Structures are given as C-alpha cells and as structure tokens.
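Some notes on the structure that comes next.
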Amino acid sequence: MTPLAASTAAAPDPSAASFEPATSAALIELVPIQPDASVTAPATEAGDAPASAPQETVLGQGSASYYAAKFHGRRTASGETFDNRAMTAAHRSLPFGSLVRVTNPANGQSVVVRINDRGPFTRGRVIDVSRAAAEELGMVARGHAQVELALIED
C-alpha cells in the first residue's frame, strides 16, 4: 500500500451530492508519496535553508608531516590498507573516520582528510597526512609544515 501525503483540507462527505469546500480552506488532492522521493524540513525563518552546512570545531595548530613512500600498502591502525593517494591522516586521539580540515596558513591551502591511523610518533607533530594531502597543502618540498586543524562535524 502506498502512503499518502497529509492534507489540511476537510475531507468531502461521500453522502453529499456535491462538495463545497469551506470558504477559507482550499481543497488539496491526496497524492501517493513516491518511494524514492526525498523530504526536506521546511525553513524555520524566511530565507533559511532547510539543510545546514557541517560545523567545524578548531582543534589547534602544530606541525604536520607526511607518510614516507614505504608505508604505501601497509596496514593502518584502523585495519585498512594505507593508500598514499587517498586523503587520509594519522592522529593520536581522534576517532577513526573523523574528518579534519588541515590548513597551511603559509599559503592558504586546505584539505579535508579522514583519520584512519594513529600517530604521529615524532615529538612536536600533531598530524601525519598522506602524500596526496601533503601535495595539496604544498608541504612536500620541506617535508613538514605548520598547520591548523579543525574537526568537521555533521
């Protein structure tokens, strides 16, 4: 049975010969809801979008480095295979799967990485990123860079 969309109009009286809607109400036809149709919440105020952008919580700043080529194909602490071409990173305490925006304030470049490993284990470092992320951040030549971290939350 297909569910029906709700109506605010009064239902017609089937025993009446003809139906006249109330003067202030409009007659609304009940239409089956399509199984694949998406429903969005109405805007709360004029101009508000029903969906909001993800929130970012600043985690701080520090030094970032990137994985050496020898780690490509090895297992990460989360159990997945490390891919130097993916936008992933290691962090000491964030839950696996967390999304983090890493920004290089020296050049304004930023990337979003997914935490899939533990580390870095070098004193003074706050995050290890993949080679692909390091290239986007412009830190490959030096091997490290000062970065700002922000946790992306739904």
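The values are calculated or read from the model by the stated rules, or taken from the named source; none is laboratory data. Keep in mind the model is a prediction, meaning the values are calculated, not measured. In this analysis, Cβ positions are derived from the backbone assuming ideal geometry, glycine residues included, and neighbour counts consider all displayed protein chains.
Worth a mention:
- Among the residues here, Pro120 qualifies as assigned to a loop (DSSP other than H, G, I, E, B), at pLDDT 95 or above and surrounded by 13 or more Cβ atoms within 10 Å (Cβ to Cβ).
- A search for C-beta distances below 9 Å between a residue of the stretch 120-133 that is farther than 16 Å from Ser98 by Cα and among the aliphatic types (A, V, I, L, M) and any residue that is part of a loop (DSSP other than H, G, I, E, B) and modelled with pLDDT of 95 or more, counting only pairs 6+ apart in sequence or on different chains, returns Ala132/Asp83; Ala132/Asn84; Ala132/Arg85; Ala132/Ala86; Ala132/Met87.
Let's see how each residue does on (1) without any contact (Cβ under 8 Å) to a residue 12 or more places away in the chain; (2) on the phi > 0 side of the Ramachandran plot; (3) buried (at least 17 other Cβ atoms within 10 Å of the Cβ); (4) under 19 Å from the mean Cα position of the chain (by Cα):
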| site | (1), (2), (3), (4) |
| --- | --- |
| Tyr67 | no, no, yes, no |
| Gly79 | yes, yes, no, no |
| Thr88 | no, no, yes, yes |
| Gly97 | no, yes, no, yes |
| Pro105 | no, no, no, no |
| Gly108 | yes, yes, no, no |
| Glu136 | no, no, yes, no |
| Val140 | no, no, no, no |
| Glu148 | no, no, yes, yes |
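- If only residues of the stretch 123-154 that are touching a Lys or Arg at 6+ places or on another chain (Cβ under 8 Å) and not in a strand (DSSP E or B) are counted, the one that is nearest to Arg75 (Cα to Cα) is Ser130.
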